[in-house]
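Read through the structure below, which is laid out as structure tokens, and then see the notes.
Just so you know, all these numbers are worked out from the coordinates, no wet-lab data involved. All values derive from a computational prediction rather than experimental measurement. When we count neighbours, we look across all protein chains shown, and the Cβ atoms used for this are built from the backbone with ideal geometry, even at glycine.
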Ligand SMILES: N[C@@H](CCC(=O)N[C@@H](CS)C(=O)NCC(=O)O)C(=O)O
């Protein structure tokens, strides 16, 4: 896990996430400003996202941008799918360049924000072009603030308590649950992670039998936060993270629901299955020593979803 200490980049965090229990623990994000406060006005053309296609947290921000139709209002730089000793990096030109600042690594964005920056170097990053600083690097905040600032309806007041409840379950047992399984360093930690992932899939499958979305007939932030993990499930988590009790395809309601979201306006453009495979099957001493990327599975995300 890359970190910066007083402006210097380190490939390894001196206080790593995995502790002696073998359980993977994700640390909190650190730059938490808000559009609509402290001089960050909601203006089209002002903000920029630094993301990686394969990062599910960054995917939340891309989904919000797409579902709110903000593709022209918020620009994006996409890092290369495989992290290096420099963390997330860019190309000099091509599909993975940084057209905004022309930096070669995401840690340089944090260095531009504050030359003596100390903290984790993660994507997504929401950048303010006007003042040249990072607004926020926590995906949950980015989703919430873009929705509020740019007229979205992903978090309506009357659904807020229900959404919060789903979010809590989905984050710990599903979005992060797959990582708790895939990054576990003991059998026990893996067993716990996998059990949580499938308990939540079973619960949501049953819920979706009688409900179009998680909170009734309105698509909400809770559904948005399910999707990045669903999109990566069969191509990556099932195999690379050993979440293999079932495939997403084996759950009729969840699979139809996932396809319905995929087929919403702009969403398919936020998805890149080949890149998910390259990223999750990167060479890793612990998980994939030879870095060989599997060919399959073949999945038809465009098949009619049959919902609604
Ligand atoms: N809490 C953060 C977590 C973001 C995060 O962990 N991103 C990963 C990529 S999927 C990252 O950038 N990791 C960098 C590293 O581990 O060095 C959020 O949701 O925004």
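Looking only at residues that are part of a loop (DSSP other than H, G, I, E, B) and surrounded by 21 or more Cβ atoms within 10 Å (Cβ to Cβ) in segment 36-54, which one is nearest to the ligand (Cβ to nearest atom)?
Looking at the filtered set, the residue picked out is 54.
Across segment 239-252, which residue is nearest to the chain's Cα centre (by Cα) among those that are closer than 10 Å to residue 197 by Cβ and buried (at least 19 other Cβ atoms within 10 Å of the Cβ)?
This residue is 241.
Considering only residues that are under 16 Å from residue 45 (Cβ atoms), touching a residue at least 24 places away in the same chain (Cβ under 8 Å) and either more than 16 Å from the ligand (Cβ to nearest atom) or over 22 Å from the mean Cα position of the chain (by Cα) (or both), which ones fall in segment 102-134?
128, 129, 130, 131
Can you find a residue in segment 140-148 that is within 21 Å of the chain's Cα centre (by Cα), closer than 30 Å to residue 216 by Cβ and more than 15 Å from the ligand (Cβ to nearest atom)?
Checked against the condition, which is being within 21 Å of the chain's Cα centre (by Cα), closer than 30 Å to residue 216 by Cβ and more than 15 Å from the ligand (Cβ to nearest atom), segment 140-148 yields at least one hit.
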